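Q: Quick one: the structure is below, and I'll ask about it shortly.
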Amino acid sequence: MSQNILLLKDVEHVGHQGEIAKVKSGYAFNYLVPKGLAMIATRAALRRQEKLREERRIRAEQEKKESLQIAEKLQGMLLEIDVKVDHEGHMYGSVSALQIVDLVREKSGIELEKRYVQLKKPIKEIGVFDVPLRFKEGVSAQIQVKITAQQEE
């Protein structure tokens, strides 16, 4: 059984603030409503919808502006990381989205969220890789990660 709800905040994979969404009743009553993310779509709730949409529109403009600034700074950035390899040149472990977030913070001082790094799977080989980034409001950029073998001492 499903329930119509009015979203009070953005909920990933459900919708944005001010939108009416149809979700399963258990999800609505056990998670979204108690956490203050949504309310049941009654007539009184629907009167709040326009105010919530306007707030969301203003916040979306601000988030897009901030995302564009970050994307502009990061676009085309080259990050380098040394990794340990065995005698045949195979990496021990892999380079993950979390490591890329840390590299960006070290090089540029920009704090990224892990979900912005669009790696389908961790990188497990030496080379130069294009890594897509996707920020809020659909803004995207691309950085390069150069993985090199650590020199033996």
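Q: Return only the number of the condition from (1) over 19 Å from the mean Cα position of the chain (by Cα); (2) farther than 27 Å from L37 by Cα; (3) modelled with pLDDT of 90 or more that I58 does not satisfy.
A: Going through (1) over 19 Å from the mean Cα position of the chain (by Cα); (2) farther than 27 Å from L37 by Cα; (3) modelled with pLDDT of 90 or more one by one, I58 breaks only (2).
Q: Sticking with this one: In the stretch 27-41, which residues are exposed (fewer than 12 other Cβ atoms within 10 Å of the Cβ) and either more than 27 Å from the chain's Cα centre (by Cα) or in a helix (DSSP H, G or I) (or both)?
A: Within the stretch 27-41, the subset exposed (fewer than 12 other Cβ atoms within 10 Å of the Cβ) is 30, 34-36.
Answer for the stretch 27-41, where residues must be exposed (fewer than 12 other Cβ atoms within 10 Å of the Cβ) and either more than 27 Å from the chain's Cα centre (by Cα) or in a helix (DSSP H, G or I) (or both): just N30.
Q: Kindly list the number of the only condition in (1) touching a residue at least 12 places away in the same chain (Cβ under 8 Å); (2) small (G, A, S); (3) more than 30 Å from N4 (Cα to Cα) that fails for A45.
A: Answer for A45: the failing condition is (3).
Q: Return the residue satisfying two criteria in turn: it lies in the stretch 130-152 and is β-branched (V, I, T) and part of a strand (DSSP E or B), and of such residues it is surrounded by the fewest Cβ atoms within 10 Å (Cβ to Cβ).
A: Here is the first cut: in the stretch 130-152, the ones β-branched (V, I, T) are 131, 139, 143, 145, 147-148.
Those left that are additionally part of a strand (DSSP E or B): 131, 143, 145, 147-148.
Numbers: V131: 19, I143: 21, V145: 22, I147: 20, T148: 13.
This residue is T148.
Q: For the stretch 81-101, which residues satisfy the criterion of being touching a strand residue (DSSP E or B) at 6+ places or on another chain (Cβ under 8 Å), assigned to a loop (DSSP other than H, G, I, E, B) and charged (D, E, K, R)?
A: Result: K84, single match.
Q: Condition test on A21, is it touching a His at 6+ places or on another chain (Cβ under 8 Å) and more than 30 Å from K124 (Cβ to Cβ)? Spell out how you get there, then give the answer.
A: On the way: touching a His at 6+ places or on another chain (Cβ under 8 Å): no; more than 30 Å from K124 (Cβ to Cβ): yes.
Taking the combined requirement at face value, the residue does not satisfy it.
Listed here are the residues, each with its yes/no results for (1) part of a helix (DSSP H, G or I); (2) modelled with pLDDT of 90 or more; (3) over 27 Å from A21 (Cα atoms); (4) out of contact with any strand residue (DSSP E or B) (no Cβ under 6 Å at 6 or more places or on another chain).
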site: R47; (1), (2), (3), (4): yes, no, no, yes
site: R53; (1), (2), (3), (4): yes, no, no, yes
site: K65; (1), (2), (3), (4): yes, yes, no, yes
site: K73; (1), (2), (3), (4): yes, yes, yes, yes
site: L79; (1), (2), (3), (4): no, yes, yes, no
site: L103; (1), (2), (3), (4): yes, yes, yes, no
site: R115; (1), (2), (3), (4): yes, yes, no, yes
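Q: Does the stretch 50-71 contain at least one residue that is of a type in the set (A, V, I, L, M, F, W, C), more than 30 Å from L7 (Cα to Cα) and touching a residue at least 12 places away in the same chain (Cβ under 8 Å)?
A: As a first pass, look at the stretch 50-71 and keep what is of a type in the set (A, V, I, L, M, F, W, C): 52, 58, 60, 68, 70-71.
From what is left, the residues that are more than 30 Å from L7 (Cα to Cα) are none.
No: the stretch 50-71 contains no residue that is of a type in the set (A, V, I, L, M, F, W, C), more than 30 Å from L7 (Cα to Cα) and touching a residue at least 12 places away in the same chain (Cβ under 8 Å).
Q: Would you say E111 is under 30 Å from A38 (Cα atoms), touching a helix residue (DSSP H, G or I) at 6+ places or on another chain (Cβ under 7 Å) and surrounded by fewer than 13 Cβ atoms within 10 Å (Cβ to Cβ)? I'd like the intermediate steps shown before the answer.
A: On the way: under 30 Å from A38 (Cα atoms): yes; touching a helix residue (DSSP H, G or I) at 6+ places or on another chain (Cβ under 7 Å): yes; surrounded by fewer than 13 Cβ atoms within 10 Å (Cβ to Cβ): yes.
Criteria met by E111.
The values are calculated or read from the model by the stated rules, or taken from the named source; none is laboratory data. In this text the structure is predicted, and so the values were computed from the model without any measurement. Positions of Cβ are generated from backbone atoms using ideal geometry, with glycine treated the same way; all protein chains shown enter the neighbour counts.
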